[in-house]
Every structure is written in structure tokens, then in C-alpha cells.
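Take a look at the structure below.
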Amino acid sequence: MTVKFRRTCSILLAALLSVAMVGCSKADTSTTNTSSVKLNDPAWKEAMTTPFGAYPETVTYSVGQMATKFTLLAGSPYAKDNATNNVWTRYFKDKLNVQNTSKFEANDGKDYNQKVSMAIVSGEIPDIMVVPDYSTLQQLYENDLIADLTDAYKNSTSDRIKEIYDSYGGRVLDSAKFDGKLMALPTTEISHGPGILWLRKDWMDKLGLQEPKTMDDIEHIIKEFVEKDPGGNGAGKTVGLVVDNENVAGISGGQYTFNNIFALYGAFPKQWMDDGKGNAVYGSIQPEMKPALTKLSDMYKKGLIDRQFAVRTGDDRKALLTSGKSGSFIDNWWGSWIVADSLKLNKDAKWVSYVAPQSEDGSVTMFTGNPSSSYLVVRKGFEHPELAAKIVSLQYDYQRYEEKDEATLKEFSDYSALNVSGSPIVINIDYYDAFYRNVGIMKHALETGDPSELKSNNDISAYHSYKSYLDSVKSGKAPDPNAWAGYTASITTASLVEKSNIKEVNPVFFGSTASMALKWPTLSKMELEMYLKIITGDQTPDDFDKFVDTWKKTGGDLITKEVNEALAAK
Amino acid sequence: MKNKKDQTAFHLMLAPGMIFLIIFSFIPMFGIVMAFQNYVPAKGISGSSWVGLDNFKFMLQIPDSKQIFANTIIIALWKIVVGTIVSIVFALLLNEIRVRFAKRFMQTVVYLPNFLSWAILATVVMNIFSYEGPVNAFLGWFGIDPVLFMASNTWFRPMLILTDVWKGFGYGSIIYLASLTAIDPGLYEAASMDGANRFKKLWYVTLPGLMPTILLVTTLNLPNVLNAGFDQIFNLYNPLVYQTADIIDTYVYRVGLVERQYSLGTAVGLLRSVVGIILILSANKLAQKLTDYRIF
């Protein structure tokens with residue numbers, strides 16, 4: 001190779017390198033701030049400082065959103081709707097003159113959280129997005145990536161939204177405040193209610209089984225399901241309790257969990273509990289865990305828990321229940337929505353809800369959730385931070401309580417009848433007792449056939465859906481699965497919970513501490529492996545003591561100390 | 001090296017690959033400094049504080065780190081060993097097929113899985129080895145209790161190796177098939193003259209002829225012992241088998257990206273690269289010694 005050629009090569013490479021470098025460093029150079037100019041224009045000022053004023057020109061915002069199954073709309077007039085053109089985005093466009101573009105879409109839960117993480121890593125977060133937890137919010141604030149929403153909240157949030165936030169006595173809004181600045185609009189976590197056991201009533205009837213109360217009753221029922229195969233799956237093919245492999249317990253409002261079973265033994269995994277002496281202790285390492293784990297591993301051995309739960313995905317779990325492979329799971333009051341599809345596949349399928357297992361005094365204990373679990377944030381540098389407040393006001397106040405246009409409302413109720421949301425922004429701002437707040441009024445309205453007492457559009461649309469469900473039952477027709485799911489969740493189960501003896505315990509700490517950042521991933525992994533191994537019989541319940549020991553040594557003790565210091569400093 | 005201009009053309013052909021390498025491998029290397037910092041995205045690399053070797057110290061304190069390194073090496077070594085043997089045996093068998101069509105057909109068929117991504121294959125594998133899957137049904141005929149292969153710490157690693165070899169051996173055998181054609185047919189003729197049967201020809205002509213290629217490929221595979229295959233494991237594993245299947249890459253993904261511990265993730269990745277380069281250098285030396293071939 002000659003010198004000359006080498007030179008040519010180096011030049012070529014150098015040129016390439018510089019082109020590449022330029023390509024990489026070209027990002028965000030021009031974000032001129034035009035908002036102050038626009039404030040001089042009365043039309044813009046009106047839009048930017050009120051909850052419901054429309055912008056004079058279309059404002060486009062990018063958003064990270066939870067994926068919606070638009071395929072469910074097939075066959076309806078909305079079959080061509082998508083993430084940027086659906087009932088909600090059209091409504092936002094119509095009322096506020098704003099249009100979303102989708103930065104990313106992912107399924108709610110792990111998938112969505114990963115996308116958020118990726119967006120933060122790359123430094124390119126959407127203009128508006130929901131972040132799934134406090135530590136992410138904290139990190140975004142510390143990294144100076146999100147906008148201060150104090151003024152936006154003051155000017156562009158409607159009075160009812162403010163009233164709802166106030167009904168939580170500040171504990172929700174304060175969680176999103178840093179150095180006195182409001183950095184996000186928090187979700188109000190309405191009471192999830194206790195865990196609910198869902199069983200196939202048609203199977204129970206076939207086998208002549210009684211309504212369950214105690215743990216023994218439940219075991220007996222599932223045992224009969226698995227052994228006698230009332231669903232006709234073939235011998236040994238019926239699956240026991242369906243449970244989430246990554247969140248076995250410890251999530252408030254968690255789906256497919258064992259929360260109730262742990263609570264029966266006085267164990268509250270993953271919660272920071274008061275030990276009775278004013279100290280915070282970690283629920284997952286308390287001695288009450290051991291008998292609960294012993295019980296669960298025993299159930300697994302007998303086949304009362306899905307033998308393959310460790311490898312199931314979310315879709316698998318849902319399919320097991322809807323296809324009639326399993327007839328039992330512990331979920332929430334809205335569990336009927338999960339299994340609504342089973343009615344489509346099998347018109348004899350009948351699911352019922354129970355508040356169980358109950359302790360000796362007939363009560364069920366639940367731990368309350370973090371008053372705010374997710375947060376709506378706006379990218380720093382986005383020209384219209386008030387848009388977040390405006391959308392929230394429109395979505396959770398105006399559309400629910402003020403909108404009177406029949407055609408618009410019909411579109412919304414069509415959507416909800418098909419169980420499709422579509423809104424680019426999924427948080428919820430509602431009263432703490434929202435889920436049983438109106439049960440009495442609703443039942444009364446259904447009895448009299450007069451919905452005039454119902455206040456919100458949601459309630460009125462729900463009323464019609466419930467009414468159609470009751471009518472179809474009366475006339476002996478097969479009910480619409482979604483109407484059934486709504487009625488069963490919001491009327492049947494909500495009244496059941498209202499009547500039941502529910503005890504609430506309140507965890508004392510939801511935040512994160514300095515050492516958690518580095519040590520928590522390892523500790524959580526260890527904890528998750530412990531649940532799975534003990535339940536599946538890979539380890540014995542006695543190995544729980546070893547777990548506690550390692551947990552403490554690997555940073556658990558230090559974190560416990562930090563949590564107590566953080567609480568003392570409050 | 002007769003004509004300089006001819007060479008230029010070849011180097012130009014190399015350019016797209018080089019550009020790719022520079023953009024995706026060389027430029028990101030600057031990010032390595034994150035391993036010595038407490039990296040905060042908004043402050044960037046220039047603004048984040050320096051913490052020296054803290055991330056590495058912490059990494060060694062993590063109870064998982066030993067397990068993760070061990071998993072990576074064990075899984076990768078098995079894959080290399082089994083994969084090489086199966087590829088060679090397959091190439092030899094295929095070479096013995098005299099019907100040209102059958103040979104071509106077989107080659108294409110075993111080559112196919114290589115084109116499918118693990119995201120798809122994982123679902124297939126999960127179903128085949130599930131409780132209700134064909135494998136357990138088969139075991140059932142012999143009165144063997146069903147085994148949950150994908151959630152068992154005993155079975156998960158063999159499953160990884162088996163499926164990886166199944167996916168890759170067709171592709172792996174190509175290089176051996178190529179060097180089989182390079183063996184001088186005169187040697188076979190001479191062997192026939194001496195009265196060697198097919199097996200003896202295989203043993204005394206084909207295998208010695210393949211030896212340089214086998215040695216070369218094996219040494220070139222050495223640096224891969226820290227690369228146990230992220231795609232495959234990520235799509236197949238579950239929390240129950242973290243103990244035997246969590247490898248460096250999956251750990252870096254979960255902790256570094258999902259839990260956003262950038263600096264720790266980088267530190268783990270850097271350590272892996274350092275070990276990797278030591279292995280490459282020794283593989284180069286070894287290849288030179290054994291086969292007289294230099295990578296660089």
C-alpha cells in the first residue's frame with residue numbers, strides 16, 4: 001500500500017467521520033420562544049390562559065401513549081380510526097384546535113414503561129406524556145427535562161378538576177411539587193377497593209358448589225374445577241388460579257395477584273408498613289410472609305395455581321380465562337372487563353365476583369395505594385405547557401359533566417360500548433370514592449327508569465348500557481359482553497364491596513431514597529425470584545429466612561434506615 | 001498489488017461497511033466515560049460528576065455479578081462447542097450425499113431458521129415445549145410426568161443451547177462445505193486407488209483437509225464467549241430462570257436501560273469489552289500459531 005493511497009484513505013475516512021459527527025450534533029438548535037409574542041394577541045392569550053378556549057391556529061403536540069386496540073372497532077362506523085384520529089383526538093381538535101402526533105405507542109404496563117425509559121435515555125421525550133411512577137418524575141425533574149406547570153394549573157385547569165384534587169386534601173398535588181413548583185398533573189388514584197375473587201359460576205353450579213368465604217372454600221372450589229373438568233377441557237387440562245409472573249403480589253389494584261391471600265395472613269408484600277412502634281418496615285421480609293408462601297406453594301403442588309404461570313405473558317393469562325381453560329383469578333372489581341370476551345366465545349360462561357378469602361371475622365383487608373401513581377408531564381421547551389391542563393380539563397371535566405351535544409356523546413358511548421378508549425392521554429382525575437360513590441343513585445335510577453338524578457355524562461351513558469343489559473336479561477337474550485362487564489363491575493361488584501366488611505391499612509412510604517437507585521433493582525430481582533421459586537417448589541418455604549438475611553445484607557437494612565430518615569424529616 | 005487504482009475500487013466497496021462501523025461502533029465509544037461518572041442525561045457527559053471506579057466497585061458488590069458472568073460464559077461456551085461440532089458433522093454428512101437435488105434441498109431447509117428472528121422463534125419454542133406441547137405429549141406416552149422446560153433451572157440452559165444450535169447450524173456449516181470443495185479431488189482418487197472405503201476417505205482425507213478451517217473458525221469464535229445471545233435469551237427467559245439464564249446483556253438491558261442506571265450499565269458493558277478484546281488478541285495469536293492465519 002503506497003503512501004499516497006493511505007493518504008487518500010485517511011482523507012476519505014476523516015471526511016466520513018466529520019459528516020457523521022455533524023449528523024449527530026445537529027439536534028435541537030432552533031427553539032425560538034414565540035409564546036411571549038403570542039400573549040400580546042388577544043385570541044392566543046384567551047386560549048393560553050383559560051381551560052376551554054380554542055387556539056386560533058392548530059397546535060400540534062407529540063405524545064407517548066398507551067396502545068389502544070382499534071381493531072375492536074372493526075365493523076363499526078369508526079373502523080378506520082387510529083391513534084391520531086379517533087373520538088378523543090377529534091374532540092380535542094374540535095374544542096381546542098389541537099392535534100396529536102404519536103411519538104411512541106406501547107401496551108400499558110411493562111412495555112409502556114420501557115418506552116418511557118428509552119425516550120429519557122435518548123433525551124427526546126414527547127411534548128406530553130404520562131410517566132408511570134414517582135421516581136421517573138423525580139428523575140425528569142432533576143434532569144431538567146420537564147416544564148413547570150404551576151401557572152398552567154392556575155390558569156388553565158377547570159374549577160371542578162381543582163375541586164377533585166382538593167378532595168384529596170393536597171396529598172395528590174403535593175406529590176408532584178418540587179421546590180414549590182408543580183411539575184406534573186398527577187393521576188388521582190381512586191380507591192381500588194379490595195381484591196376480588198372471580199369464579200366461573202356455571203362451573204360451580206354444575207358441580208353443586210357453594211359460594212366461597214374462607215380460604216378452605218376457595219381451595220375446595222378450585223380443586224373441583226381442576227379435577228372434575230366442568231368446562232370440558234379434557235382430563236388434567238383445566239388450569240388453576242391464573243397469576244401474574246412478574247407481580248405476584250404487592251401492587252395496589254394489581255391484576256391477577258395474590259394480594260388477598262397474603263393479606264389473610266397479615267402480610268403486605270412490597271409495602272412500607274408501620275411496625276406499630278412508629279418505624280417503617282418492609283412488608284416482604286416480615287414473618288407473616290412465610291405462612292402465606294407455605295400456603296401458596298402447597299396450592300401450587302396440588303395444581304390449584306396455574307402450573308405454567310412463570311412463563312405466561314399478559315396475553316396468555318387473558319386467553320386462559322376467556323377460552324375457558326381456567327375458571328378462577330383474583331383481580332379487582334373491574335375484573336369482569338378482562339373476561340368479557342369469554343361471553344363471546346361461550347354464551348353459557350358466567351363469571352361472578354366474591355370478596356374472599358375472608359378472615360374469621362368475615363372481613364377482608366386491603367392495603368391502600370399510593371394516592372398518585374402516574375404523572376402527566378410536559379417537555380421543557382414545549383411552547384404550550386398549558387395544553388396539558390386544558391386537555392385534562394376537557395377530558396375529565398367538560399366531556400364528563402358539561403357536554404350536551406347528542407351526536408358527540410353518542411360517539412363516545414359507542415366507543416365505550418366497544419371497550420375502546422382512544423384518548424392519547426390516559427390518566428384519571430376523579431373523586432377518591434368514585435367507584436361506589438354513585439352506586440346507590442344508579443341503582444335507584446335503574447329501578448325507576450329515570451336517569452335525571454345522574455350528573456355526569458359517563459353515568460348517563462353507563463345508565464343506558466346497564467339498562468340494555470338488564471333488558472336483555474329480562475327478555476332472555478344473550479347480553480352484550482361489554483354491557484355485561486360494565487354492569488357486573490360497577491353495579492354488582494361495587495354494591496358487593498359496599499356491603500362487605502373491608503379493612504384498610506395504609507402503607508407509610510411510597511417514594512424512593514438515595515441508595516434505592518443503585519440497590520433496588522437487585523433487591524427486587526431477588527424478591528421476585530424468591531416468590532417464584534418458593535411457590536413453584538424450587539425452594540422450600542424455609543428458604544424465605546435465607547432471603548430475608550441476604551436482603552438485609554445486600555442493602556435492605558441501609559434502605560430501611562433511609563426510609564425512616566425520610567419519614568422523620570417530613 | 002499490481003495496480004493501485006484497482007485497490008481503490010475495493011476500498012470504496014468497503015466504505016459503506018466502514019461508515020456503519022464508525023457511526024454505530026466508534027462514535028458511541030465516547031460514551032464509555034459514563035462508566036466513570038454518575039451520569040445524568042440532562043447534564044450530559046461534560047456536566048456529570050466523576051466518581052472514579054465507584055461503579056466498578058459497586059458492580060463487584062452486587063451479589064448477582066458472579067452469577068451473571070458465570071451464566072454468560074457457560075452458555076456461550078456450550079453454544080460454541082456444540083454449534084461447531086454439529087455444523088462439521090452436518091457438512092460432512094451433506095458432502096456424502098451424491099444426489100445433487102437432495103443435497104441442495106437439505107442445505108436450503110436447514111439454512112432457513114437462520115432467517116427467522118428470535119421474536120418469532122421464541123413463541124414457537126415456547127409452544128413446543130409447554131405443558132400441552134408436543135414434546136410433553138410425547139413424554140406422556142412413556143409415562144413420564146410433564147416437564148416445564150422453559151421454567152426449570154435444570155432445563156433452561158440445555159434448551160437455549162439446543163435451540164440456538166438448531167437455528168444456526170445450517171448457516172455454520174456453509175464455511176465447512178466451502179472448504180470441502182477446496183480439497184484436492186486427486187487425494188480422493190489416490191485414496192481409492194489404495195483401496196480406501198468411504199469412511200476411511202472421510203477420516204484420512206476429508207477431516208485433515210478441514211482441520212485448518214475448523215481451527216480457524218474455533219479460534220475466531222473465542223471472543224464470543226462473553227456474547228451469549230441477547231435476542232434469544234431476552235425472548236425466552238422469565239424471572240424463574242434468572243438464576244441460570246441472566247447474562248451480562250440482559251442484565252445491562254434491565255438495569256442500565258429499563259431502570260435507568262446508565263453509569264452502572266456502561267461499566268458492566270465496558271468490563272465485558274475489555275475481556276472481549278483480550279480474548280480477540282489471544283485468539284489472533286492462537287490462530288497464527290495453529291493455522292498460520294492472522295486476523296490483523
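Points worth noting:
- Residue list for region B:18-39, restricted to those being touching a strand residue (DSSP E or B) at 6+ places or on another chain (Cβ under 8 Å) and within 18 Å of A:L140 (Cα to Cα): B:N38
- Verdict on A:W351 being surrounded by fewer than 21 Cβ atoms within 10 Å (Cβ to Cβ) and at pLDDT 90 or above: no
- Residue within region A:141-149 that is touching a strand residue (DSSP E or B) at 6+ places or on another chain (Cβ under 6 Å), within 14 Å of chain B (Cβ to nearest Cβ) and of a type in the set (V, I, T) present: yes
- Hey, A:Y61 buried (at least 18 other Cβ atoms within 10 Å of the Cβ) and within 14 Å of another protein chain (Cβ to nearest Cβ) or not: no
- One residue stands out among those in region B:231-276 that are part of a helix (DSSP H, G or I) and either polar (S, T, N, Q) or on the phi > 0 side of the Ramachandran plot (or both): the one that is farthest from the other protein chains (Cβ to nearest Cβ), which is B:S273.
- Qualifying residue in region B:255-273 (condition: in contact (Cβ under 8 Å) with a residue 24 or more places away in the chain, buried (at least 18 other Cβ atoms within 10 Å of the Cβ), more than 18 Å from B:A35 (Cα to Cα) and in the same structural domain as B:L162 (by TED's automatic domain parsing)): no
- Filter result for A:L558 (touching a Phe, Trp or Tyr at 6+ places or on another chain (Cβ under 7 Å), outside the structural domain of A:I261 (by TED's automatic domain parsing) and in a helix (DSSP H, G or I)): no
- Residue, modelled with the lowest pLDDT, within region B:112-146, restricted to residues that are hydrophobic (A, V, I, L, M, F, W, C), farther than 19 Å from A:T313 by Cα and not in a helix (DSSP H, G or I): B:I144
- Segments classed as helices (runs of 4 or more DSSP H), wholly inside region A:129-223, with at least 1 members that are modelled with pLDDT under 95, hydroxyl-bearing (S, T, Y) and not assigned by TED's automatic domain parsing to the domain that holds A:N259: A:134-142, A:150-156, A:159-166
- Of all the listed residues (A:T257, A:T294), the sole one being polar (S, T, N, Q) and assigned to a loop (DSSP other than H, G, I, E, B) is A:T257.
- Matching residues, region A:403-442, being free of Cβ contacts under 8 Å to residues at least 60 places away in the same chain and either in a loop (DSSP other than H, G, I, E, B) or in contact with a Phe, Trp or Tyr (Cβ under 9 Å, 6 or more places away or on another chain) (or both): A:E403, A:K404, A:D405, A:R437, A:N438, A:M442
- Scanning region A:264-291 for residues that are part of a strand (DSSP E or B) and among the acidic types (D, E) yields one hit, A:D274.
- Taken as a whole, the condition of being touching a Pro at 6+ places or on another chain (Cβ under 6 Å) and either assigned to a helix (DSSP H, G or I) or in the same structural domain as A:T408 (by TED's automatic domain parsing) (or both) applies to A:S472.
- Here A:G327 does not qualify as on the phi > 0 side of the Ramachandran plot and over 22 Å from the mean Cα position of the chain (by Cα).
- Taking region A:24-55 as the range and being at pLDDT 65 or above and within 14 Å of chain B (Cβ to nearest Cβ) as the test, no residue passes.
- Exclusive hit being among the polar types (S, T, N, Q) and more than 14 Å from chain B (Cβ to nearest Cβ), set A:S524, A:S490: A:S490
- Residue in region A:272-284 that is within 30 Å of A:G232 (Cα to Cα), over 22 Å from the mean Cα position of the chain (by Cα), surrounded by fewer than 18 Cβ atoms within 10 Å (Cβ to Cβ) and outside the structural domain of A:G486 (by TED's automatic domain parsing) present: no
- Condition broken by A:G266, with the remaining ones in (1) touching an Asp or Glu at 6+ places or on another chain (Cβ under 6 Å); (2) farther than 16 Å from A:K295 by Cβ satisfied: (2)
- The lone criterion from (1) closer than 30 Å to B:G133 by Cβ; (2) surrounded by 17 or more Cβ atoms within 10 Å (Cβ to Cβ) left unmet by A:K301 is number (2).
- All conditions in (1) surrounded by fewer than 19 Cβ atoms within 10 Å (Cβ to Cβ); (2) of a type outside the set (A, V, I, L, M); (3) facing another protein chain (nearest Cβ under 10 Å) hold for A:K503, with the sole exception of (3).
- Residue check: B:I128 meets all listed conditions (1) under 20 Å from B:Y111 (Cβ atoms); (2) of a type outside the set (S, T, Y); (3) within 14 Å of chain A (Cβ to nearest Cβ) but one, namely (1).
- Filtering region B:79-109 to residues that are of a type in the set (K, R), in a helix (DSSP H, G or I) and either within 14 Å of chain A (Cβ to nearest Cβ) or out of contact with any Leu (no Cβ under 7 Å at 6 or more places or on another chain) (or both) leaves B:K79, B:R100, B:R104.
- Residues of region A:396-430 classified as buried (at least 17 other Cβ atoms within 10 Å of the Cβ) and under 15 Å from A:V130 (Cα atoms), total: 7
- Residue that is farthest from A:T187 (Cα to Cα), among those in region A:389-405 that are out of contact with any Lys or Arg (no Cβ under 6 Å at 6 or more places or on another chain) and among the charged types (D, E, K, R): A:D405
Quick grid of which residues meet (1) in contact (Cβ under 8 Å) with a residue 40 or more places away in the chain; (2) under 27 Å from B:L216 (Cα atoms); (3) surrounded by 12 or more Cβ atoms within 10 Å (Cβ to Cβ); (4) away from chain A (no Cβ under 14 Å):
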| site | (1), (2), (3), (4) |
| --- | --- |
| B:Y39 | yes, no, yes, no |
| B:W50 | no, no, no, yes |
| B:K66 | no, no, no, no |
| B:Y111 | yes, yes, yes, yes |
| B:S117 | yes, no, no, yes |
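- Any hit, region A:336-346, residues being hydroxyl-bearing (S, T, Y), in contact (Cβ under 8 Å) with a residue 60 or more places away in the chain, in a strand (DSSP E or B) and within 28 Å of A:E189 (Cα to Cα): no
- Across region B:28-37, the qualifying residues are those that are more than 11 Å from B:G269 (Cβ to Cβ) and in contact with a Phe, Trp or Tyr (Cβ under 8 Å, 6 or more places away or on another chain), and the one among them that is nearest to the other protein chains (Cβ to nearest Cβ) is B:Q37.
- Residue count for region A:519-531 satisfying the condition of being buried (at least 19 other Cβ atoms within 10 Å of the Cβ), closer than 18 Å to A:T136 by Cα and without any contact (Cβ under 8 Å) to a residue 12 or more places away in the chain: 1.
The values are calculated or read from the model by the stated rules, or taken from the named source; none is laboratory data. Just so it is clear, the model here is predicted, and its values are computed rather than measured. All Cβ positions, even for glycine, are placed from backbone atoms using ideal geometry, and neighbour counts span all protein chains on display.
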